[in-house]
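Beneath this line is the structure, given in structure tokens, with notes to follow.
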Amino acid sequence: MRVAVGRPLRYESAREHVTGQALYTDDLVGRLPGVLHAWPVQAPHAHARVQAVQTGAALALPGVVAVLTAADVPGENDVGALRRDEPLLPTEVMFHGQAVAFVLAETEAAARAGAAQVTVAYEPLPAIHSLDAAIAAGSFHVGPLRLGRGEPDAALAAAPHRLTGELVTGAQEHFYLETQTALAYVDEAGSVLVHASTQHPAETQEACARVLGLPKNRVVVQCLRMGGAFGGKEAQANAWAAVAALGAWKTGRPVRVRLGRTQDMVLTGKRHPFLGRFEVGFDGSGRLLALKLDLYSDGGWSLDLSEAVLQRAMLHSDNAYLVPHVQVLGWVAKTHRQSHTAFRGFGGPQGMAMAEEIIDRVARTLGLPPEEVRERNFYREGDTTPYGQAVRDAGRLHSIWTDLRRSSRYAQRRAELARTNSVNPHCKRGLAITPVKFGISFTSSALNQAGALVLIYRDGTVQVNHGGTEMGQGLHTKMLQVAADALGVPVDWVRVMPTRTDKVPNTSATAASCGADLNGAAVRAACETLKARLAGVAARHFGGGVTPADLHFTAGTITGPGGAAPVLDFRAVVQEAYQAQVALFATGYYRTPDLDFNRETGQGRVFHYFVYGAAVSEVEVDAFTGEYRLLRVDILQDAGDSLNPLVDRGQIEGGFVQGLGWLTLEELVWDGQGCLTTRGAATYKIPGLAEVPADFHVALLPGVAEPGAIYGSKAVGEPPFMLALSVREALRDAVAAFGPSPGSGSGSGGPVELAVPATPEAVFWALERVRGEA
């Protein structure tokens with residue numbers, strides 16, 4: 001019987017967060033004596049050769065202790081995650097603002113003053129400042145990647161209707177509350193301990209060991225917790241940890257690296273901007289027959305995780321829609337910008353945005369309601385994706401769609417909206433419903449594994465160590481629940497420890513929405529081993545014929561079949577096991593089964609399962625300014641048999657609002673010299689409370705346990721992000737209402753072009769185009 005899993009338990013460190021007692025990496029600085037502070041020396045060019053670095057004036061300043069340059073690296077001067085193309089301290093500048101040296105000083109102010117005194121001689125070089133320029137120059141990191149099926153050229157030629165188009169999606173800043181931070185020191189044995197705000201401690205360990213020229217067993221990385229990450233600390237936390245480790249290694253003193261907000265925005269990568277060019281064939285009912293899609297992503301100056309991000313975008317360019325004949329090609333462009341990186345959804349949002357763009361253009365070309373064209377093209381049970389994977393449980397998508405249309409009163413509101421729009425020439429409303437089908441697993445099969453170490457102490461309390469990191473998403477809360485239920489003890493007997501590479505080695509990043517799936521299964525495996533050992537001890541107290549497998553562990557007690565007496569105290573059995581020399585610690589391991597994806601052919605079973613969801617959004621647009629309000633949102637999400645409905649609801653709401661920001665608000669701007677000009681909250685708009693709709697309805701699809709996943713649950717970290725596509729489609733619907741066939745919601749009047757992000761300015765220019773056509 002479950003006593004913890006499935007309950008809406010509050011976030012495990014909620015009280016500490018509210019009271020300020022929760023510590024983060026930078027809070028540990030005051031606990032170490034003699035900490036040095038690092039400050040970057042940043043280049044004023046997008047592309048240049050470093051000819052000389054003069055550090056004398058900086059070193060002469062009071063408080064300045066050292067200046068780190070490439071000459072100080074004892075190992076390999078590179079922190080690239082998948083390709084050795086990211087010098088830690090470069091001799092060739094590859095983007096505007098790149099750090100070419102770091103000043104270490106007794107105070108942050110002294111380090112900053114020292115950085116201003118470092119003189120660097122540069123030889124400026126030609127630079128590529130945009131995705132379009134990279135495509136024109138043939139500047140690519142990788143490509144083309146391919147996936148597809150059927151005969152798209154022949155099917156396009158035979159299609160009754162065809163159209164071509166393109167969509168550009170913009171970059172997005174992670175804007176985590178805690179910026180990139182690391183703290184490192186060398187212990188008495190000559191080993192390096194790094195506290196880092198990282199989603200991937202094992203990879204951060206690898207980067208630090210590589211730079212220092214040390215074996216990994218002499219580098220320990222700990223992640224206490226993160227104040228947000230969203231993918232931005234999956235690969236890009238490594239450089240800052242390596243700088244701290246290098247500084248500690250050189251000076252013998254603890255070194256702290258913490259980027260300010262402006263530095264963080266200038267020095268780190270974003271969500272990848274994408275360009276999609278498509279040709280689609282369809283029939284008179286709006287059914288898709290064939291598609292050719294070319295995807296280009298701006299990878300920035302180094303590869304980072306861009307190839308995997310592009311591949312996931314390609315894998316999700318179908319969203320929830322069956323296309324019989326399809327070809328998708330993809331390229332990662334190389335530009336002289338920040339190296340773009342993982343971000344919630346990991347390419348899935350860009351791919352799905354292309355799918356929704358195509359569906360809406362098809363619907364409006366035919367004068368059909370977009371929601372009908374969407375439903376008409378849904379996958380059905382037995383269908384397969386362009387990469388050859390069966391779409392299992394496609395019926396959930398249809399159930400979600402039907403139930404949400406009913407619960408949101410979609411048809412009635414559509415009629416009300418048409419009446420409202422017909423009498424209001426200066427303010428129009430739009431309504432849209434969009435689906436999500438999102439695959440869960442790392443697309444690199446080796447990453448689909450996890451480990452855990454569970455310890456039971458003689459007083460019956462439990463420590464859980466696992467490879468996942470806590471960034472506010474509630475992973476540790478869920479691991480508490482998993483361990484408590486697996487061992488049959490109260491939740492408050494269990495403690496989850498900070499993530500450390502010397503407890504659980506070789507871990508995967510906490511990413512791809514797999515944190516609870518992978519680590520939960522590993523934790524449960526360790527707990528089951530311990531429970532079996534304890535059951536062997538407890539079985540001695542029952543009569544003959546009762547085996548360890550017959551015993552029940554619940555709420556700190558152990559009973560026989562059907563709850564039969566005696567009722568044993570868990571803590572007493574633990575003490576007895578210790579006296580009997582039974583091991584009270586165990587490791588657990590899990591690997592996701594039955595994954596088989598060929599990256600060369602783009603075919604195979606790449607995902608463990610699909611998560612489904614849908615959202616209805618209603619907006620109101622002002623004719624004179626393009627400003628808009630999000631009036632109401634209704635979401636129905638498939639979370640399987642939720643481990644924690646309260647945590648999952650928070651993830652759904654937060655993911656949706658962050659997606660809303662990417663699609664409608666957040667606009668990053670680089671000038672003609674490659675300098676990022678939107679580098680703080682004053683110039684870069686993220687969603688605030690005013691953008692959250694007052695009428696916000698979120699529900700979980702009931703009775704849909706996922707076989708083969710931890711306690712039947714499903715991932716919720718990334719899938720809700722894409723539900724915000726409904727807001728962009730609602731804005732498009734409102735813009736169309738200003739056109740020649742206003743307010744009907746029929747999709748008539750032809751396609752409506754709308755930028756991503758659909759800022760008020762973008763909406764205004766879309767209105768102008770529609771009004772011009774009218």
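The values are calculated or read from the model by the stated rules, or taken from the named source; none is laboratory data. Values in this document were obtained by computation on a predicted structure and should not be read as measured data. All Cβ positions, even for glycine, are placed from backbone atoms using ideal geometry, and neighbour counts span all protein chains on display. These accessible areas exclude ligands, DNA and RNA; they are computed on the full protein's heavy atoms, side chains included. Shrake-Rupley method; radii C 1.70, N 1.55, O 1.52, S 1.80 Å.
Structural remarks
- Measuring r between the beta carbons of Ala57 and Thr683 and using R0 = 30 Å, the FRET efficiency lands at 0.40.
- Mean residue ellipticity (222 nm) of the chain, computed from DSSP H runs ≥ 4 via -39,500 (n - 2.57), nearest 500: -9000 deg cm²/dmol
- Reported label for calculated log10 I(q)/I(0) by the Debye sum over Cα atoms at q = 0.09, 0.10, 0.12 Å⁻¹ given (i) -1.03, -1.13, -1.31; (ii) -0.97, -1.16, -1.49; (iii) -0.87, -1.05, -1.37: (iii)
- Three-way shape call for the stretch 625-768 based on the alpha-carbon gyration tensor, with the a/c threshold at 1.5: oblate
- Karplus (6.51, -1.76, 1.60) ³J(HN,Hα), θ = phi - 60°, over the stretch 707-714, in Hz, Gly and Pro reported as x: x, x, 9, 4, 6, x, 7, 10
- Length gained on full extension, Arg31 to Asp671: 226.2 nm, using 0.36 nm per residue less the C-alpha separation.
- Here the convex hull built on the C-alpha positions of the stretch 414-550 has a volume of 224 cubic angstrom per residue.
- Close amide-amide hydrogen proximity is noted between Gln172 and Arg271, each under 5 Å apart and 5 or more residues distant or on a separate chain (H modeled in the peptide plane; Pro and chain starts excluded).
- Binned Cα-Cα distances of the stretch 663-711, short to long, each 10 Å bin given as a whole percent: 18, 26, 17, 22, 15, 2
- Segment Thr420-Ser445, extension gain: residue separation times 0.36 nm, minus the distance between their alpha carbons: 3.8 nm
- Note on His552 and Leu646: the extension gain reaches 31.1 nm, defined as 0.36 nm multiplied by sequence separation minus the Cα-Cα distance.
- When the residues His45, His340, His552 are ordered by accessible surface, computed with a 1.4 Å probe over the protein chains alone, the sequence from largest down reads His552, His45, His340.
- Evaluating 6.51 cos²θ - 1.76 cosθ + 1.60 at θ = phi - 60° for every residue in the stretch 390-402, the Karplus couplings come out as 5, 8, 6, 6, 4, x, 4, 4, 5, 5, 4, 4, 5 Hz, glycine and proline recorded as x.
- Computed from the Cβ-Cβ distance with R0 of 51 Å, the FRET efficiency linking Thr251 to Thr164 stands at 0.30.
- Asp459-Glu106 FRET efficiency (beta carbon distance; Förster radius 45 Å; 0.05 resolution): 0.50
- More than 14 angstrom apart: percent of Cα pairs within the stretch 263-321: 65 percent
- Directionally averaged projected area (convex hull, Cα atoms, the stretch 115-214), nm²: 14.1 nm²
- The residues of the chain expose, per residue, 35 Å² of accessible area to a 1.4 Å probe.
- Beta bridges by DSSP in the stretch 281-398, antiparallel share as percent, to the nearest 5: 30 percent
- A simple spin-label model places the labels of Leu177 and Ala694 2.6 nm from each other, with each point 7 Å out along Cα-to-Cβ.
- Label separation (Ala583 vs Phe624): 7.5 nm, computed from points 7 Å beyond Cα along the C-beta direction.
- Ranked by solvent-accessible area (1.4 Å probe, protein heavy atoms only, all chains present), the residues Ser422, Ser617, Ser399 order from largest to smallest as Ser422, Ser399, Ser617.
- Descending by average beta-carbon neighbour count within 10 Å, the peptides 72-80, 125-133, 641-649 line up as 641-649, 72-80, 125-133, the highest first.
- Loop GluC sites (Glu not before Pro), the stretch 78-111, which have at most 16 other Cβ atoms in a 10 Å radius of their Cβ (DSSP): Glu106
- Within the accessible area of the chain (1.4 Å probe), percent carbon and sulfur: 53 percent
- Candidate residues Glu123, Glu188: accessible-area rank, largest first, probe 1.4 Å: Glu188, Glu123
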